[in-house]
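Colleague: What follows is a single structure, and I will ask about it in a moment.
The values are calculated or read from the model by the stated rules, or taken from the named source; none is laboratory data. Given the structure is predicted, the values throughout are model-derived calculations rather than measurements. So basically every Cβ, Gly included, is an ideal-geometry build from the backbone, and we count neighbours across all protein chains shown. The area values use the complete protein model at the heavy-atom level, side chains included, leaving out ligands, DNA and RNA. Shrake-Rupley method; radii C 1.70, N 1.55, O 1.52, S 1.80 Å.
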Amino acid sequence: MAYPVQLGFQDAASPIMEELMYFHDHTLMIVFLISSLVLYIISLMLTTELTHTNTMDAQEVETVWTILPAVILILIALPSLRILYMMDEITTPSLTLKTMGHQWYWSYEYTDYENLCFDSYMTPSSDLKPGELRLLEVDNRVVLPTEMSIRMLISSEDVLHSWTVPSLGVKTDAIPGRLNQATLMTSRPGIYYGQCSEICGANHSFMPIVLELVPLKHFEEWLLAML
């Protein structure tokens, strides 16, 4: 869960999000080094006299400043491609959850079970209980097991939406007439919040997502209570 004046990412709760955070730190360090070098050269040019007037014809300098950016781009591209392939890799799922976006709420269907579907609306501020988060709490949470591969099937019935849970590293567009797929797996139990991150209308800010990740035993107990 994000907190006020937070500068970094939310704590990672999935292997994919951990890899994304490592890649962010890796890329940010490269950008920091480049910015420091450029700032040093600019300050050097402003504070010292020019002593060499033939640098415009230096073939060695031109070779370095051509090859060096290419090497830097490769250092950024290789880990980026690795994470992209990891995010698109679809393993044999243990559970499939179908998500449909509406204006302005989400509906969920556990396709492995009969008649297990529900709508998830934002809880009005007047109905909040002590400790619940305003504009983020819903009346029906999505309960899923931890440490299991879960397939998310995401679509929409009206306009463009985007099913996003930052701490899990999941952001998939919900497009009418198209079924998008994402893989979800968490490494620890907890309650994770998200929101639609697509501008889908007047109440775009009021269709939150709440995932309750529990051990398999508690998930089975929830299933028996729902069925």
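Colleague: GNM, the chain, Cα, under 10 Å: largest mean-square fluctuation among SER167, SER155, SER205?
Modeller: Answer for the Gaussian network model of the chain: SER205.
Colleague: Quick one: of the DSSP bridges fully inside the range 95-226, what percent are antiparallel, nearest 5? Intermediate results must be reported in sequence, preceding the final value.
Modeller: Values: 29 of 41 bridges.
So the antiparallel bridges amount to about 70 percent of the total.
Colleague: Continuing with the same structure: Is the range 19-141 best put as rounded, prolate or oblate by its Cα gyration tensor, with a ≥ b ≥ c the root eigenvalues, rounded for a/c under 1.5, and otherwise prolate when a/b is larger than b/c, oblate when not?
Modeller: Details: a/c = 5.21, a/b = 2.40, b/c = 2.17.
Note, shape of the range 19-141 comes out prolate.
Colleague: Spin-label point model (7 Å from Cα, Cβ direction): what's the ILE42 to LEU84 distance in nm?
Modeller: It works out to 3.1 nm between the two label points.
Colleague: Further question: If you rank CYS196, CYS117 by how much accessible surface each has, with a 1.4 Å probe, what is the order from largest down? Before the final figure, lay out the partial values.
Modeller: Values: CYS196 5, CYS117 85 Å².
The residues order as CYS117, CYS196, largest area first.
Colleague: A further question follows. Using a 1.4 angstrom probe, figure out how much accessible area the chain has per residue, in square angstrom, rounded to the nearest whole.
Modeller: Details: 14420 Å² over 227 residues.
About 64 Å² of surface per residue is accessible.
Colleague: Using heavy-atom solvent-accessible surface (probe 1.4 Å) with all chains present, what is the largest-first order of SER35, SER80?
Modeller: On the way: SER35 65, SER80 35 Å².
Descending order: SER35, SER80.
Colleague: For the range 80-121, which GluC sites (Glu not before Pro) are in a loop by DSSP, counting at most 11 other Cβ atoms within 10 Å?
Modeller: Taking the range 80-121 and a limit of 11 other Cβ atoms within 10 Å, the loop GluC sites (Glu not before Pro) found are GLU89, GLU114.
Colleague: With a 10 Å cut-off between alpha carbons and a GNM built on the chain, which of ASP119, ASP158, ASP127 moves the most?
Modeller: ASP127
Colleague: Where the accessible area of the range 15-88 is counted over protein heavy atoms with a 1.4 Å probe, how much of it, in %, is carbon and sulfur?
Modeller: On the way: 4660 of 6300 Å².
Percent of accessible area from carbon and sulfur atoms in the range 15-88: 74.
Colleague: Taking every DSSP beta bridge that has both residues in the chain, what percent is antiparallel when rounded to the nearest 5? The partial results should precede the final answer.
Modeller: Numbers: 29 of 41 bridges.
Antiparallel bridges make up about 70 percent of those DSSP assigns within the chain.
Colleague: How large are Rg and Dmax for the range 132-203 when calculated on the C-alpha trace, in angstrom?
Modeller: So, for the range 132-203, Rg and Dmax equal 13.0, 37 Å respectively.
Colleague: With charges set only on the Cβ (+1 for Lys and Arg, -1 for Asp and Glu), what does the dipole of the range 103-213 come to about its Cα centre, in debye to the nearest 20?
Modeller: That gives the range 103-213 a dipole magnitude of about 380 debye.
Colleague: To continue, here is another question. For the pair VAL5 and VAL31, how long in nm is the line joining their label points, each one 7 Å along Cα→Cβ?
Modeller: In this crude label model, VAL5 to VAL31 measures out at 2.3 nm.
Colleague: Could you pull out every one of the lysines with an alpha carbon less than 27 Å from that of LYS171, ignoring same-chain neighbours closer than 8 positions?
Modeller: Candidates past the 8-residue exclusion: LYS98.
Colleague: Right, something else. For the chain, would you read off the P(r) tail past 32 Å as a percentage of all alpha carbon pairs? The partial results should precede the final answer.
Modeller: Numbers: 9170 of 25651 pairs.
Roughly 36 percent, rounded to a whole number.
Colleague: Give the range of the longest stretch in the chain that excludes all trypsin sites (Lys or Arg not before Pro) found in loop regions by DSSP and having at most 13 other beta-carbon atoms within 10 Å. Walk me through the numbers before you get to the answer.
Modeller: Working: sites that count: ARG134, ARG178.
Answer - 1-133.
Colleague: Compute the label zone of LEU223 within the range 92-121: residues whose backbone N is under 19 Å from the point 7 Å along Cα-to-Cβ.
Modeller: Answer for the range 92-121: 92-99, 108-118.
Colleague: Please provide three numbers in whole Å: the alpha-carbon extents of the range 95-226 along the principal axes, with the largest listed first.
Modeller: 40, 38, 28
Colleague: How big is the charge dipole of the range 83-154 about its Cα centre, in debye rounded to the nearest 20, if each Lys and Arg gets +1 on its Cβ and each Asp and Glu gets -1 on its Cβ?
Modeller: Numbers: 5 positive and 11 negative charges, 30 e Å.
In debye, rounded to 20, the range 83-154 gives about 140.
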